[in-house]
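Q: Can you keep this structure in mind? I'll have questions shortly.
The values are calculated or read from the model by the stated rules, or taken from the named source; none is laboratory data. Please read all numbers here as calculations on a predicted model, not as lab measurements. Glycine gets a Cβ as well: all are built from the backbone with ideal geometry, and neighbour counts include every protein chain shown. Accessible surface is based on the protein model in full, side chains and every heavy atom, while ligands, DNA and RNA are left aside. Shrake-Rupley method; radii C 1.70, N 1.55, O 1.52, S 1.80 Å.
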Amino acid sequence: IDAAIGILKRWSPKESAVLKWGRYFRLNRDVIAVAGRDQRENELLECHAHPGDMIVRMADAQGPVVLLKGKGLDESVFALAGGLAQRFSKNRSDAPQRVEYYSAGQGNFMGHVTAVKISDDDLKMMER
């Protein structure tokens, strides 16, 4: 929690606007993920994302948008965020799905990865 608070303290008031929406997860020491709970929140998260933020979403199915804030964003982080997107989608019990990631604000497609399957225990650890 201290590491999460450290990240939040560095956010500007404008960046903090995303705290109004979504489910929050700690993917690692430097990355916070915010998953939209419905279509409206997905749109708000994308609209209020900032340069340097990344967006992860299911590539071939509907599901939540996952906004990533932090540093050290790489394919392993995108796969973990993709696991969150899949876990909160209707494809939760399917085999790991393909997810896409792109730079927030620009919407420029950057790549695909396969989502990581997230267990109940994994989810509890990320919620702390």
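Q: Which value, in Å² rounded to 10, gives the accessible area of Ser119 with a 1.4 Å probe and all protein chains present?
A: Accessible surface of Ser119 is approximately 50 Å².
Q: Take the Cβ-Cβ distance between Phe109 and Gln39 as r, set R0 to 30 Å, and report the resulting FRET efficiency rounded to the nearest 0.05.
A: On the way: r = 21 Å, r/R0 = 0.68.
Step by step, r from the Cβ atoms, then E = 0.90.
Q: OK, next. Checking the cross-link filter: which aspartates and glutamates have an alpha carbon closer than 14 Å to that of Lys117, excluding same-chain neighbours under 8 positions apart?
A: Those aspartates and glutamates meeting the cut-off are Asp94.
Q: Could you tell me which of rounded, prolate or oblate describes segment 38-116, using a ≥ b ≥ c as the square roots of the eigenvalues of the alpha-carbon gyration tensor, with rounded for a/c under 1.5 and, failing that, prolate when a/b is larger than b/c and oblate otherwise?
A: Numbers: a/c = 1.91, a/b = 1.28, b/c = 1.49.
Oblate.
Q: Multiply the residue gap between Glu127 and Asp30 by 0.36 nm, knock off their C-alpha separation, and tell me the result in nm, one decimal place.
A: Numbers: separation 97, 0.36 × 97 = 34.92 nm, distance 1.44 nm.
Roughly 33.5 nm would be gained on extension.
Q: Taking all protein chains as present, what is the carbon and sulfur share of the accessible area of segment 71-114, in % to the nearest whole number, probe 1.4 Å?
A: 46
Q: Something else about it: Taking only protein heavy atoms and a 1.4 Å probe, what accessible area per residue, in Å², does segment 42-120 have with all protein chains in place? Mind dumping the intermediate values first?
A: Values: 3770 Å² over 79 residues.
Result: 48 Å² of accessible area for each residue.
Q: Which FRET efficiency, nearest 0.05, do Glu75 and Ser119 yield, Cβ-Cβ r, R0 25 Å?
A: Details: r = 20 Å, r/R0 = 0.82.
Step by step, r from the Cβ atoms, then E = 0.75.
Q: Can you spot the aspartates and glutamates whose alpha carbon is less than 13 Å from Lys90's alpha carbon? Ignore those fewer than 8 places along the same chain.
A: Within the straight-line cut-off, Lys90 pairs with Asp38, Asp60.
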